[in-house]
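Working notes, structure below.
The values are calculated or read from the model by the stated rules, or taken from the named source; none is laboratory data. Please read all numbers here as calculations on a predicted model, not as lab measurements. Cβ sites come from the backbone with ideal geometry, for glycine too, and all protein chains shown count toward neighbours. Note: areas computed on protein heavy atoms with side chains; ligands, DNA, RNA excluded. Shrake-Rupley method; radii C 1.70, N 1.55, O 1.52, S 1.80 Å.
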Amino acid sequence: MKPLLICCLSFLFLFSCSDNEEIQAESHAFTISGTLLAPNNQDPISNAKVEAYLGTTLKGNTLTNNTGEFNIALPAGAYRLKLSKGLFSTQQEINVSSETTLAHFTLDSLPKIGVVTGYYDNIENVLVDIGLVNPLTGAPLFDIIDGVNTSRLPYNHSSKHGNHGEENHKKSSQNPQLTPNVSFDFGDLINDPALLETYDIIFLNCGLIDGFSDLDSNLLNYVSNGGFLYATDWASLYLTSITNNGADYLSFLTPERSGISLSTNATILNGNLNAWLFLNFGITIDDTIEINEFLNLWQVVDSYDPNTCISWLSGPVTYSTDSGSETAIKDLAFTFQVGSGAVFYSSFHTENTDQGFSDVDRIMEYLVFEMSDIE
């Protein structure tokens with residue numbers, strides 16, 4: 001009996017070793033490296049998701065670093081690699097059989113975006129510089145909605161509230177292709193909840209017409225149901241329902257539109273934003289950056305709820321009060337989640353009088369991708 005027992009044990013031992021070696025061979029992982037870029041094929045995307053699927057099964061995941069690079073360990077096989085930053089994404093089939101550095105990835109699956117024009121802000125120029133354009137024609141891959149002229153009202157924003165800056169500023173600085181390219185205007189958009197919901201992200205430029213503020217509850221519903229809303233400076237008027245008249249998220253200083261400072265040396269409050277600016281573009285010194293895109297009479301944020309809002313920057317600014325003027329450190333840009341969606345608001349914006357990216361444009365670029373990356 002003993003020889004038979006020894007033979008059986010030996011066989012089991014050999015089978016166990018062989019099986020274990022096969023498992024070890026199958027579980028050996030290869031490091032796959034790559035870089036994720038914005039649609040302009042130049043600017044790195046940080047803290048983006050990298051997910052590797054074998055069929056429908058997630059087999060590995062990681063995040064890009066502040067220079068857009070990633071490493072992911074995968075056993076040999078055929079994978080679908082998906083990279084995403086909020087609502088922007090790309091994917092590619094890859095075969096893993098050795099350590100590999102892949103060609104860079106570019107975000108090419110874009111959300112449905114609507115930009116409402118304004119007299120004093122041109123976020124559409126930043127979107128073009130990010131690469132949200134047809135590579136052959138240069139035409140924008142987003143809708144441009146007239147927010148200045150509308151057949152619904154006989155007046156515009158500037159006639160009701162006075163001059164915020166140079167009256168012809170927008171016309172002189174705008175890319176000729178960036179004119180309204182849809183048949184409806186902002187009045188049509190905000191009046192139609194179904195039309196609002198066709199957009200994943202809506203950008204409200206400063207200086208859009210203010211006569212539809214009584215319909216801002218439609219924007220609250222839009223965001224609560226999963227939409228993402230960008231608003232700057234005077235577009236704060238359209239956040240009244242969303243902020244519950246200043247009781248939730250953040251409140252605006254009164255008297256309204258009392259900002260005096262035209263620039264400030266702001267502190268960057270987010271380490272990833274600071275690292276992205278510094279490592280990729282050599283911007284920022286000691287976590288600070290000059291914000292010089294204020295226009296006269298800008299809207300100051302009085303306070304915000306740190307439990308519900310992310311503040312990105314703060315700096316000393318001067319503003320008017322009922323008794324004169326005051327200088328204090330104020331927070332300048334925020335993201336906050338509302339229902340299934342989110343809002344980005346900043347007191348400064350993009351004037352875009354110069355070609356290419358300014359330092360402020362770089363901040364806005366980062367936050368365009370960041371604002372939809374809310375979970």
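Worth pointing out:
- D_trans [Stokes-Einstein, Kirkwood Rh over alpha-carbon pairs] for the stretch 288-375, 20 °C, 1.002 mPa s, µm² s⁻¹: 149 µm²/s
- Ordering of 105-112, 343-350 by burial proxy (mean other Cβ atoms within 10 Å per residue, highest first): 343-350, 105-112
- Separation in nanometres of the label points that stand 7 Å from Cα toward Cβ, at Thr137 and Asp359: 3.8 nm
- Per residue, in Å², the accessible surface of the stretch 54-100 once ligands and nucleic acids are set aside, probe 1.4 Å: 52 Å²
- Net charge dipole size for the stretch 313-364 [Lys, Arg +1 and Asp, Glu -1 on Cβ; Debye, nearest 20]: 180 debye
- Per-residue Karplus couplings for the stretch 215-225, computed as 6.51 cos²θ - 1.76 cosθ + 1.60 with θ equal to phi - 60°, are listed in order as 9, 5, 5, 5, 6, 4, 5, 4, 5, 4, 8 Hz, Gly and Pro entered as x.
- Cα centre as origin, Lys/Arg/Asp/Glu Cβ charges: the stretch 77-138 dipole, Debye: 240 debye
- Residues whose amide H falls under 5 Å from that of Ile268, counting only those 5 or more places apart or on a different chain, are Thr288, Ile289, with hydrogens built in the peptide plane.
- Karplus-based coupling profile of the stretch 36-41, in residue order and whole Hz: 10, 10, 5, x, 6, 6, with θ = phi - 60° in 6.51 cos²θ - 1.76 cosθ + 1.60 and x standing for Gly or Pro.
- Under 5 Å, built H, 5+ apart or other chain: amide partners of Ile283: Phe278
- Our summary gives the stretch 259-375 a relative contact order of 27 percent, counting only alpha carbon pairs under 8 angstrom and 6 or more residues apart.
- Measuring nothing but how far apart in sequence close Cα pairs (under 8 Å, 6+ apart) lie, relative to its length, the stretch 257-308 scores a relative contact order of 54 percent.
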